[in-house]
Amino acid sequence: TLGTQTDYRDGEAQTDPYSPAYVIPSGSVPELLTLATLTWGRGLPAGLDEVEMIERAREKRAWEATLPALDSPSNIAKRRKMMDDMERKEWAFREQEIEKLQEVRVEVLKKLLQKREENQNKVDVKRLDDKWQILQKAKEEKLKKIQHDFVLKLRKLIAKRKNVMEKWERRDIINEYTDFASHMYAPLSSIGYFPDKHSEHYVVKSSFLDTFPGLCELETSLPDSVTQVKIIAPKPKYTVSKTGFIKRAAKLDVDLAKVHQALLEKKNKVKEPKKPLRFLQKKEKPLPPIPVPEKPSAEEEERELAVICLQKLLRGRTIQNMMFEEKEKWLDLIRELRTTHALQEEGQLLLKAEAEKLKALQHQRNVHMHKLSSEESQLAREEGRTLANMLDFLAKELLRLQRERQIHALVMLAERRRRMREAEESGRRQEEERRRQKDDEIFRQAREGARRGLLHQSTIDSYLEDIILSSTEDTAEEQAREEVQRMAEEINDIAYEMESRRTRLQSEEIVAELVYNFLIPEADKMSSREKVRQSQRKHIYAAHKIIHRDTE
């Protein structure tokens, strides 16, 4: 008794069709059971491919029924031949199916690639649009800022040029109050006035709005029409059913009534007469007087006709002379045109022969030039290869010589350092031997003197102290020299390493620093000394002059 309407079709809620159970009689093989592998959604409902598969299965069963029995060698050979032929046919059919499947896959792949390319193009276009919008927004902001700065600078220039002569003007209070754009009505914040500075003076302060009893009192004083609003529901334009829906017939009736009313208004519309113009009046212009020519006499007419004929003759003669002058001027061109357009057949043949001869010569010249250019390019290629090999060999030889010189210089420095160390070591050993002999002699003499009673114990103590101090100083000096030499070797190693890693730019910087820190200050000192010498020379010359004059 009730009807419902859904947003879905019945087919969308349909499940797999019902397949009832079946019983096969003994001794029968129904053909329908060969299709038991087909299910709903996978072969069912049957299409063109499924029908072709069923037909092939029927043909294969019929072919199997025609196979000969295995009772004789001839039947066995015939059966094997039939099976080979069937197998060959099945392989050919399978290849066709594979080719069809590959074609379908290729088409799907093409569609997917095309779709991906379209999506990529859309993404690129969207990215370009976003980039363009960003750049356009930045451009608009920049233009707005430039316009704002332009207006600001322009106002400053106008304000600066108002009083170019810097004349003092008296304040005109009347003009300031009559001009609503003046500082009296619209002061600027740049002169120290801020409109929102005293905004609290304009805030409405009332006890009715600040306190709850005041609000209650204000509500009681208001009429009921303010606090209690009555809303009248509008009448519907269409007739509504009991369930609250608008019927289609009622909506059509209302639309037809509107159309009928519009047609009646258009039909009964009366054209309003044109209103006369209030301020437009037609002014009639007076006609100009028509001049009436006087009728000339017969003699004047004849004289005028003779003058006209003479003018025509003079103009024609002038044009004829101009034509002759232009003809003489362009006579060579006319002759050339005549030779090209009005020659006889023999002349044209001669010209063609000359043209062909020129073409042949030009072709021969082009071939010769091409041959020369190819030979020159080959020679240039060989020369370039030879020069490249030679320059490569020279560059490698130069690098080898530089490395050899560097190694030779390092060997010389190492040999020099070894010789210096050997000389220092031999000198140090000789000095130690000499000092040891001297100390032994002094100690021997001191012991003999003590034995003889010539020296006191204090003298021996002071002598031993001097020996200990001198040996301590010598040892400290030797250790300091070794430390300095070791540090110098480390610094030399670091300097050599920096020298090997240094580039041309760093070398130029070092040279520039040396020039700036040593040569330029020395040149400045020399120039300042020369200036001082020049300034003092005149005083010395004056003193010498006075001295020589007094002596004379």
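Mind ranking 145-152, 463-470 by how tightly packed they are, going by the mean number of other C-beta atoms within 10 angstrom, highest first?
On the way: 145-152: 10.0, 463-470: 11.5.
Going from most to least packed, we get 463-470, 145-152.
Taking the Cα centre of region 345-446 as the origin and placing charges on Cβ (Lys, Arg +1; Asp, Glu -1), which of G384, M420, A353 is farthest toward the positive end of the dipole?
Farthest towards the positive pole: M420.
What accessible area per residue comes out for region 512-551, rounded to a whole number of Å², with a 1.4 Å probe?
Numbers: 3830 Å² over 40 residues.
Result: 96 Å² per residue.
Could you compute the net charge surrounding R79? Neighbours are other residues with a C-beta less than 12 Å from the C-beta of R79; K and R count +1, D and E count -1.
On the way: positive: K78, R80, K81; negative: E64, D71, D84, D85.
Combined, the nearby Lys, Arg, Asp and Glu give -1.
Along the charge dipole of region 67-156, Cβ charges K/R +1 and D/E -1, which of V106, M86, V123 sits furthest on the positive end?
V123
Taking 7 Å along the Cα-to-C-beta vector as the label spot, tell me the L519-E219 distance in nanometres, rounded to one decimal.
9.9 nm
Go through K230/K269; K137/K160; K122/K142; K327/K359; K60/K111 and tell me which ones have a Cα-Cα distance over 32 Å in this structure. Don't skip to the answer; put the middle values down first.
Working: K230/K269 41 Å; K137/K160 34 Å; K122/K142 30 Å; K327/K359 35 Å; K60/K111 38 Å.
The pairs that break the limit, which is 32 Å between Cα atoms, are K230/K269; K137/K160; K327/K359; K60/K111.
Just to confirm my numbers, what's the Cα centroid distance between region 394-445 and region 39-79 in Å?
Cα centroid to Cα centroid, the span is 108 Å.
Give, rounded to the nearest 20 debye, the magnitude of the charge dipole that region 67-156 has about its Cα centre when Lys and Arg contribute +1 at Cβ and Asp and Glu contribute -1 at Cβ.
Working: 25 positive and 18 negative charges, 246 e Å.
In total the dipole reaches around 1180 debye.
How large is the dipole of region 5-157 about the Cα centre if only Lys and Arg carry +1 and Asp and Glu carry -1, each at its Cβ, rounded to the nearest 20 debye?
About 1780 debye.
Could you rank the peptides 54-63, 360-369 by their average count of other C-beta atoms within 10 Å per residue, with the highest value first?
Numbers: 54-63: 11.9, 360-369: 10.0.
In descending order of packing, they fall as 54-63, 360-369.
How much FRET efficiency would the formula 1/(1 + (r/R0)^6) give for A65 and I24, where r is the Cβ-Cβ distance and R0 is 30 Å, rounded to 0.05?
On the way: r = 20 Å, r/R0 = 0.68.
Approximately 0.90, to the nearest 0.05.
Identify the residues of region 35-68 with backbone N under 16 Å of a label point that sits 7 angstrom from the Cα of D85 along the Cα-to-Cβ direction, or state none.
59-68
Could you give me the ³J(HN,Hα) list for region 513-522, computed from phi with Karplus coefficients 6.51, -1.76, 1.60 and θ = phi - 60°, whole Hz, x at Gly and Pro?
5, 4, 5, 6, 8, 10, 6, 5, x, 5
Determine the distance separating the Cα centre of region 486-552 from the Cα centre of region 87-134; give it in Å without decimals.
Cα centroid of region 486-552 versus Cα centroid of region 87-134: 82 Å apart.
Ordering F212, F393 by accessible area with a probe of 1.4 Å, largest first, what comes out? Mind showing how you got there, number by number?
Numbers: F212 150, F393 125 Å².
Largest accessible area first, the residues go F212, F393.
Can you compute the modelled spin-label distance between L349 and V106, with each label point 7 Å from Cα toward Cβ, in nm?
6.4 nm
At a probe radius of 1.4 Å, what is the per-residue accessible area of L387, in Å² to the nearest 10?
90 Å²
Counting only Cα atoms, I'd like the Rg/Rh figure for region 345-446, Kirkwood definition for Rh.
Working: Rg = 43.1 Å, Rh = 22.7 Å.
Ratio of gyration radius to Kirkwood radius for region 345-446: 1.90.
Would you tally the net charge around V151, using a Cβ to Cβ cut-off of less than 14 Å, leaving V151 out, and scoring K and R as +1, D and E as -1?
Net charge around V151: +4.
Treat every Asp and Glu Cβ in region 512-551 as -1 and every Lys and Arg Cβ as +1, leave all other atoms uncharged, and give the resulting dipole magnitude about the Cα centre to the nearest 20 debye. Mind dumping the intermediate values first?
On the way: 8 positive and 5 negative charges, 80 e Å.
Computed charge dipole of region 512-551: roughly 380 debye.
First measure r as the distance between the Cβ atoms of E272 and L209, then evaluate 1/(1 + (r/R0)^6) with R0 = 35 Å and state the FRET efficiency to the nearest 0.05.
Details: r = 57 Å, r/R0 = 1.62.
Using R0 = 35 Å, I get an efficiency of 0.05.
The values are calculated or read from the model by the stated rules, or taken from the named source; none is laboratory data. Small disclaimer: the values here were computed from a predicted structure and weren't measured. Cβ sites come from the backbone with ideal geometry, for glycine too, and all protein chains shown count toward neighbours. Only protein heavy atoms, including side chains, enter the accessible area calculation; ligands, DNA and RNA are left aside. Shrake-Rupley method; radii C 1.70, N 1.55, O 1.52, S 1.80 Å.
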